[in-house]
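Have a look at the structure below, then the notes.
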Amino acid sequence: MLKDGTYSAWFKTPVSQGTGIVHVADGRIWGRDGVMTYEGSCEVDGDRFTAVVITKKHTGGLPTVFGDDQELELKLQGTCTGKIATYTGTAEQFPGLLLEGTLIYNEQARPPEASEPIPTFDPHKLPKLPTRGR
């Protein structure tokens with residue numbers, strides 16, 4: 001059964017592959033990777049689940065695993081046994097191109113509220129490298 005919580009995601013098409021983080025709670029699914037954010041709904045029926053996910057690009061200049069940069073509507077179907085879920089999906093915009101993926105449940109992570117703002121990246125908070133004398 002696909003439980004509410006946070007999952008590490010791996011997904012691929014014949015064009016490319018990627019990884020991300022996915023959250024599931026109360027019939028909703030949302031997450032992000034290095035190129036896209038995704039949000040939608042999911043239904044769980046025993047070990048099987050279906051989801052409709054809308055993707056939105058947050059980083060320009062990088063293609064999605066479909067090889068394009070447009071926003072997509074994904075239709076997913078899969079099974080979940082234990083902590084591992086596998087799924088396949090399609091995007092109407094790319095007929096015949098199959099998306100395959102795996103979700104791995106993370107027992108220690110707390111799913112954020114979907115309404116929480118996405119944290120902004122502040123490079124000034126990164127640790128500073130030591131300087132070397134010449």
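The values are calculated or read from the model by the stated rules, or taken from the named source; none is laboratory data. Keep in mind that what you see is a predicted model, and the values were worked out from it rather than measured. In this analysis, Cβ positions are derived from the backbone assuming ideal geometry, glycine residues included, and neighbour counts consider all displayed protein chains.
Numbers for the structure displayed
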quantity	calculated
Yes/no for Thr50 being among the polar types (S, T, N, Q), closer than 18 Å to Met36 by Cβ and at pLDDT 90 or above	no
Given (1) crowded, with 20+ Cβ neighbours inside 10 Å; (2) assigned to a strand (DSSP E or B), number of the condition Leu2 does not satisfy	(2)
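Results for (1) touching a residue at least 12 places away in the same chain (Cβ under 8 Å); (2) in a loop (DSSP other than H, G, I, E, B), shown as yes or no for each residue.
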position: Ala51; (1), (2): yes, no
position: Thr55; (1), (2): yes, no
position: Gly60; (1), (2): no, yes
position: Thr64; (1), (2): yes, yes
position: Leu76; (1), (2): yes, no
position: Thr90; (1), (2): yes, no
position: Pro95; (1), (2): no, yes
position: Thr102; (1), (2): yes, no
position: Gln108; (1), (2): no, yes
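Rundown of residues vs (1) modelled with pLDDT of 90 or more; (2) more than 20 Å from Tyr7 (Cβ to Cβ); (3) among the aliphatic types (A, V, I, L, M), yes/no style:
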residue	(1), (2), (3)
Glu71	no, yes, no
Leu74	yes, no, yes
Thr102	yes, no, no
Ser115	no, no, no
Leu129	no, yes, yes
